[in-house]
Amino acid sequence: MSQYKGSCHCGLVQFKFYSDSILEGLYSCNCSLCLKKSIIMKSIKKEVFSLLSGKKNITEYRWNKNIARHFFCKNCGVYTHHIRRR
């Protein structure tokens with residue numbers, strides 16, 4: 001597995017995850033938020049995801065049936081990740 005790192009635009013929220021391939025398993029969601037932002041996602045197990053910095057800079061947004069918890073940087077507003085209950 002390879003390690004990948006990401007962040008919000010201002011860099012306050014940083015994370016990493018491990019995956020065999022960064023391009024495998026990409027998908028588009030059809031919810032109103034993802035459609036408006038043309039978000040492309042990659043499903044990973046929560047065990048391979050680590051928030052490196054910025055926990056205090058994250059805000060959470062839920063809507064509709066509260067199925068997914070969406071996380072954004074409070075400073076720059078960039079959507080960094082989400083957790084979906086299964």
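Ranked highest first by the average count of other Cβ atoms within 10 Å around their residues, in what order do 26-35, 12-21 fall?
12-21, 26-35
Do the alpha carbons of any pairs in Lys16/Lys56; Lys42/Lys65; Lys5/Lys46 sit beyond 19 Å of each other, and which pairs?
Working: Lys16/Lys56 17 Å; Lys42/Lys65 22 Å; Lys5/Lys46 15 Å.
Too far apart for the 19 Å limit: Lys42/Lys65.
Could you calculate the FRET efficiency of Asp20 with Ile83 from 1/(1 + (r/R0)^6), where r is the beta carbon distance between them and R0 is 22 Å, rounded to 0.05?
0.55
In debye to the nearest 20, how big a dipole does the chain give about its Cα centre with +1 on each Lys and Arg Cβ and -1 on each Asp and Glu Cβ?
Computed about the Cα centre, the dipole is about 380 debye.
Per-residue ellipticity at 222 nm for the chain, helices alone: DSSP H runs ≥ 4 residues times -39500 (n - 2.57), over residue total, nearest 500 deg cm²/dmol?
Mean residue ellipticity at 222 nm (helix-derived): -1500 deg cm²/dmol.
Taking Lys45 as the anchor, which aspartates and glutamates have their alpha carbon closer than 19 Å to its alpha carbon, excluding any fewer than eight residues away along the same chain?
Here the aspartates and glutamates satisfying the reach criterion relative to Lys45 are Asp20, Glu24.
Work out, step by step, the length gained on full extension between Leu52 and Ser38: first 0.36 nm times the residue separation, then minus their alpha carbon distance; give nm to one decimal.
2.5 nm
Taking the Cα centre of each part, how many Å lie between region 38-52 and region 15-29?
7
Normalised by the residues of region 11-86, what does the relative contact order come to in percent, with Cα pairs under 8 Å and at least six apart?
The value is 28 percent.
Using label points projected 7 Å from each Cα along Cα→Cβ, tell me how many nm separate Cys29 and Arg62, to one decimal.
In this crude spin-label approximation the distance works out to 1.4 nm.
Under 5 Å between amide H atoms, partner at least 5 residues away or on a different chain: which partners does Val13 have, H built in plane at 1.01 Å?
Cys8
Just tell me which aspartates and glutamates come within less than 17 Å, Cα to Cα, of Lys74; anything on the same chain fewer than 8 places away is out.
By straight Cα distance, Lys74 reaches Glu60.
No lab work stands behind these numbers, since they all come straight from the coordinates. Quick caveat: nothing in here was measured; it's all calculated off a predicted structure. For neighbour counting, all protein chains shown are included, and Cβ atoms are generated from backbone atoms with ideal geometry for every residue, glycine included.
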